[in-house]
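Let me begin by presenting the structure, written as C-alpha cells, before commenting on it.
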Amino acid sequence: AGDFEITSGVILFILSLRYFLSGESQTSRSQAELTVFPLATPLLAGPGSISVTILITGRLGGFTPALTVILANAIVSYLVLVNQDYIMMKLGEALSATIARILNLVTAAYAVSLIHEGLVDWKLISGT
C-alpha cells in the first residue's frame, strides 16, 4: 500500500500545487482547449482519483464503504457541475478563486500526508 500512497500523494501534490500557484481555473482556459480536453474528466477520473479510490477501499475496510464514499462524491460532483452557473453567480469570481486556492492547499496537505504514510509503510521514516 505504501507505493500507492506515495504515488497518489505525489500526483495530488503536483496537481494541487500547480493550480494553487498559477491560480488557473476553468474560466482561464480557451473554449477550444476545453472542448478537446475537458478539465473535469482527468480530475474526477484520472490517476489521482483511481489511486485514492484504491487507498479508500483499503482504509475503510472493504468494497461497500468505499462504494458509498465514491457514490456520495459522484452525487455531489454532479450537483456542483450541473449548477455551476448558479453557484458562480452567487459566489462571484473573487470568492470562487479564494475557495479554490484554499481547497488546493487542503489537497496539498492531504497529499503530503499520503506521502508520509507511504514512507512509514516502507519503514523509511518513523510513524510519529
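The values are calculated or read from the model by the stated rules, or taken from the named source; none is laboratory data. Keep in mind it's a predicted model, so treat the numbers as computed, not measured. Every residue, glycine among them, receives a Cβ derived from its backbone with ideal geometry; neighbour counts consider all protein chains shown. Heads up: the accessible areas ignore ligands, DNA and RNA and are worked out on the full protein's heavy atoms, side chains in. Shrake-Rupley method; radii C 1.70, N 1.55, O 1.52, S 1.80 Å.
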**Request:** Any chance you could run the full-extension gain for LEU79 through LEU67? It's 0.36 nm times the residue separation minus the Cα-Cα distance, nm to one decimal.
**Result:** 2.5 nm
**Request:** Counting only heavy atoms of the protein chains, get the accessible area per residue of the stretch 79-128 (1.4 Å probe) and round it to a whole Å² value.
**Result:** 74 Å²
**Prompt:** Ordered by packing density, taken as the mean number of other Cβ atoms within 10 Å over each peptide's residues, highest first, how do 2-13, 54-65, 85-96 rank?
**Reply:** 2-13, 54-65, 85-96
**Message:** Between LEU103 and MET88, what is the label-point separation in nm under the 7 Å Cα-to-beta-carbon projection?
**Reply:** 1.3 nm
